[in-house]
């Protein structure tokens, strides 16, 4: 099965990379293999389905047994994986339990690996898994693919888990390193599996596109000494073109289905960024429009904050400042370091250096990632002279 | 499996007409649950301010005025239902009128006597500890 061989490749890669050094483009290597195998499998399944139909038409009795059984075996395995995904991501489980179970049962990551990735003691994670399994058993969480009418809401839960896994790996919430490869690779792999099991689901495609496009920047986000590099300062030649091309193609497929949603919109925003050869050529006006649409369906203060960044780029910091002040006053972002770092950046661009320095200080105090905290500290220091 | 559906709602000022509407909504739920043969019992409770709390410590019975916990949302009543699994129980919980204003807690009834249900059980890898 495709997933098993990719899983094997991934697990053996996890074991070998530290000693042998990273292959030139590890993500692409696994992705290409996975994609080829997924396409092969899909082709085989479709061909098989057509052959079974053709045979059934000619000889309704004789061949249905054999062809039908093979089809059923294939479907049964896919059904099993789908059931597993939806059970692991059941809303009745706490979100960290969903994430841990998904990585353990679908990701094939071992408990110590998951614990390491989330910077948790192994015992804590083991207990979390035991409690989750107990909840499934005691509360009677069924092992089923949700019925059609419940699928959109339940799929949302799965996408959320995958996005959390990716984000944990991509922009770690604590510790010095920003990218934790095992998690980002795993999130992408599982997003591919989900899409091959549930083809033509716009938001599932949207999520995969988003992960691919964000992941394309992973080598550019950190300096060799571990410092954070902003999007505008990144070496775009180090962006992974394979990821970009694939991400854009997947986004196209999603768009073609004509059912926009939050993940597709976020992917579209990422697409605008990756298609700008230089930061100055970024189509910020388009990004503002995309954020307008995203805010309309997902009225979250974090989306609103990102929108003000886009507005400051499209129309200037003076226009963005009152908007971010209104956001701050609404209280939805209290204690969120990015609110302060964004406001600090606007003040800095407006030449209000003292106020910017204070704001950077507040942001640094609230940051949870060491590399980001140091970045904010440096910004603050640079304004005091 | 049997589930207790525990209804927590913040009391609010009602007109007699609204009271009737709420009662009718609960009656409708009751009828639907009976027709589907899932209803196994239930009661509406008087308001929390009519409650008395009892504790026995060191052989002494301590009685105090009020519910176990002073919360904004009060425990107002419960149903006992029979459902194949949690998803079914959730579907019924969502139909309870109190769910739109407050919270319905879905708790499996501890089943001491019977053997585990074989149907729709997750594979051993999930359910086993």
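The values are calculated or read from the model by the stated rules, or taken from the named source; none is laboratory data. Because the structure is a prediction, the values reported are computed rather than measured. Methodologically, a virtual Cβ is constructed for each residue, glycine included, from the backbone with ideal geometry; neighbour enumeration extends over all protein chains shown.
Table: residues versus (1) within 23 Å of residue A:208 (Cβ to Cβ); (2) in the same structural domain as residue A:161 (by TED's automatic domain parsing); (3) modelled with pLDDT under 95.
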{"position": "A:258", "(1), (2), (3)": "yes, no, yes"}
{"position": "A:263", "(1), (2), (3)": "yes, no, no"}
{"position": "A:270", "(1), (2), (3)": "yes, no, no"}
{"position": "A:308", "(1), (2), (3)": "no, no, no"}
{"position": "A:315", "(1), (2), (3)": "no, no, no"}
{"position": "A:327", "(1), (2), (3)": "no, no, yes"}
Given the condition more than 26 Å from residue A:163 (Cα to Cα), within 14 Å of chain B (Cβ to nearest Cβ), at pLDDT below 80 and loosely packed, with under 13 Cβ neighbours inside 10 Å, answer yes or no: does some residue in the range A:44-66 qualify? no
Going by the conditions given, is residue A:247 assigned by TED's automatic domain parsing to the domain that holds residue A:214 and either surrounded by 15 or more Cβ atoms within 10 Å (Cβ to Cβ) or in a helix (DSSP H, G or I) (or both)? yes
Inside the range A:346-364, can you point out the residues that are assigned to a loop (DSSP other than H, G, I, E, B) and either surrounded by fewer than 16 Cβ atoms within 10 Å (Cβ to Cβ) or not assigned by TED's automatic domain parsing to the domain that holds residue A:323 (or both)? A:351
Every listed condition ((1) modelled with pLDDT of 95 or more; (2) on the phi > 0 side of the Ramachandran plot) holds for residue B:25 save (2)
In the range A:133-149, anything at the interface with chain B (Cβ under 9 Å from one of its Cβ atoms), part of a helix (DSSP H, G or I) and either within 23 Å of the chain's Cα centre (by Cα) or in contact (Cβ under 8 Å) with a residue 40 or more places away in the chain (or both) is listed as A:136, A:139
Considering residues that are in contact (Cβ under 8 Å) with a residue 60 or more places away in the chain, within 13 Å of the chain's Cα centre (by Cα) and either within 11 Å of chain A (Cβ to nearest Cβ) or part of a helix (DSSP H, G or I) (or both), the number found within the range B:61-95 is 4
With respect to residue A:83, determine if the residue is outside any loop (DSSP other than H, G, I, E, B), within 12 Å of chain B (Cβ to nearest Cβ), surrounded by 16 or more Cβ atoms within 10 Å (Cβ to Cβ) and under 19 Å from the mean Cα position of the chain (by Cα). no
Residues that are under 17 Å from the mean Cα position of the chain (by Cα) and part of a helix (DSSP H, G or I), drawn from the range B:32-60: B:32, B:33, B:34, B:48
Matching residues in the range A:309-332 (over 16 Å from residue A:291 (Cβ atoms) and assigned to a helix (DSSP H, G or I)) number 8
